[in-house]
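Here the structure comes first, spelled out in structure tokens, and everything after it is commentary.
Read-outs throughout are calculated quantities, based only on the coordinates presented, and are distinct from any laboratory measurement. The shown structure was predicted, so the numbers you read here are calculated from the model rather than taken from an experiment. Here Cβ is always computed from backbone atoms with ideal geometry, including for glycine, and neighbour counts include all displayed protein chains.
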Amino acid sequence: MLKIGVFGVGHLGKFHLNNWKEIGEVELVGFYDPDDATAKEVSEKYHLPRFLDAGRLIDASDAIDIVAPTNFHFELCEKAIRKGRHIFVEKPLANTMNEAHELVKLAQESNIKLQVGHVERFNPAFLALKDTELNPMFIEVHRLAQFNPRGTEVSVILDLMIHDIDIILSIVKSGVKNISASGVAVMTDTPDIANVRIEFDNGCVANLTSSRISMKKMRKMRLFQKDAYIGIDFLNKKTEIIKQKGPQDSNVFAFDIETPKGKKTLAIANPTVPEVNAIKQELEEFRGAIMNNTKTIVSEIDGLMAMDVAHQILKKIGNNILVR
Ligand SMILES: NC(=O)c1ccc[n+]([C@@H]2O[C@H](COP(=O)([O-])OP(=O)(O)OC[C@H]3O[C@@H](n4cnc5c(N)ncnc54)[C@H](O)[C@@H]3O)[C@@H](O)[C@H]2O)c1
């Protein structure tokens, strides 16, 4: 049995508790949350002990799950690493780059597993592409959310765009050559809406828009590569591939287009989207990495790389930010 202690049982922490309860070979030992009302509700609903001392919960656990606000990630991770505990920490890994570098150093000096909650890696619409070769040259992303005060302790870049940054870095295995960005602080003191262009060394260009002040929700990524267009709808969990029709595409919808090089037949395919609960899947993978001593799928290095790009974006926005 792997003993798990949960830090932070607010909105997302409760989803984590629900999922941990369904995962085998795991024992929830308790939780730590400074908010009395939340703690009372959770103790009663989940029949789970509340720890009033974070250090004691770390001592009682084999692995800890940090679902506290981002500004507490560093201190909780540091305490747990120093006691040799494995860590699942919600995204972003930390608040500042210094904190993130320090955590990577500490994690690598110790023998622990660290996984960052970049949950979109486990989104069924993305998992549907596991057998598809992805080598995009242009990427267009829209991640739009309605305003919610939760998460606004950080900018929209660290709150929402970081999901797409992590996915893009997992696909485009190339260095970042140049970033241009602008952002606007509308409801908070940090950018609530931003547009970013990332140019990679291999020529790929990613154009990302994130907003947390939209009327409608959208989470779409479109990949354009030499042989295909790939659409990933993270919100509605749908994936679409349009490419030149091949012999294996007998049962897919196809249509003809005229090109300067003559007629081409294109096929639209919807790869099978697995029925996966992304949060449960990421927590199961974390448990598996500890039990089988394998690498975590979203490691501390992945968390650091996403933060590095996010902070480069924030620096660029520094000069371009428009405050209402
Ligand atoms: N992966 C995702 O898609 C996703 C989505 C939402 C939030 N998050 C991340 O999850 C974290 C929590 O977000 P949320 O929406 O649940 O916020 P929330 O405000 O609903 O909950 C946070 C909880 O942490 C508690 N808390 C405060 N200080 C603490 C401390 N020092 N130790 C332990 N608990 C503490 C608060 O009392 C609260 O109950 C954030 O880092 C956020 O970025 C990730």
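Computed values, structure above
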read-out	value
Kirkwood-based shape ratio for region 115-266, expressed as Rg/Rh from alpha carbons	1.02
All Cα pairs of region 238-284, percent lying beyond 17 Å	50
Charge dipole (debye, nearest 20) of the chain; +1 at Cβ of Lys and Arg, -1 at Cβ of Asp and Glu	820
Relative frequency of Cα-Cα separations exceeding 16 Å in region 48-104, percent	38
Mean Kyte hydropathy of -1.0 or more with a Cα span along the axis of at least 24 Å, helices from DSSP in the chain	300-320
Using distinct alpha-carbon pairs, which all enter the 1/r mean, Kirkwood radius of region 1-65 in Å	11.5
Cβ-based exposure ranking for Val26, Val9, in which fewest neighbours within 10 Å come first	Val26, Val9
Once the Cα gyration tensor of region 168-213 is diagonalised, semi-axes √(5λ) in Å	25, 10, 7
Candidate lysines - alpha carbon under 24 Å from Lys45, same-chain residues fewer than 8 apart omitted	Lys3, Lys14, Lys21, Lys280
Taking Ile297, Ile198 and counting other C-beta atoms within 10 Å, the order from fewest to most	Ile297, Ile198
FRET E, pair Ser43, Met137, Förster distance 56 Å, beta-carbon r, rounded to 0.05	0.60
Size of charge dipole - region 56-144 - debye, nearest 20, with Cβ of Lys, Arg +1 and Asp, Glu -1, no other charges	220
D (Stokes-Einstein, µm²/s), Kirkwood Cα radius, region 102-169, 1.306 mPa s at 10 °C	107
Linear extension gain, Asn71 paired with Glu275, 0.36 nm per residue minus alpha-carbon span	70.1 nm
Residue pairs, from the table Lys217/Lys238; Lys173/Lys315; Lys83/Lys295; Lys130/Lys245; Lys237/Lys264, whose Cα atoms sit over 18 Å apart	Lys173/Lys315; Lys83/Lys295; Lys130/Lys245; Lys237/Lys264
Cα-projected label distance for Lys263 with Asp62, points at 7 Å along beta-carbon direction, nm	6.3
Relative packing of peptides 184-195, 256-267, 56-67 - highest average C-beta neighbours within 10 Å first	56-67, 184-195, 256-267
Residue-averaged [θ]222 nm for the chain, counting only DSSP H segments that reach four residues, each worth -39500 (n - 2.57)	-9500 deg cm²/dmol
Per-selection metrics, the chain (Cα): Rg and Dmax in Å	21.1, 72
Once the Cα gyration tensor of region 176-277 is diagonalised, semi-axes √(5λ) in Å	33, 20, 12
Under 12 Å, Cβ to Cβ, from Gly84 - net charge with Lys/Arg +1 and Asp/Glu -1	+2
Solvent-free Debye scattering, log10 I(q)/I(0), computed from the Cα coordinates of region 135-197 at q = 0.13, 0.28 Å⁻¹	-0.39, -1.35
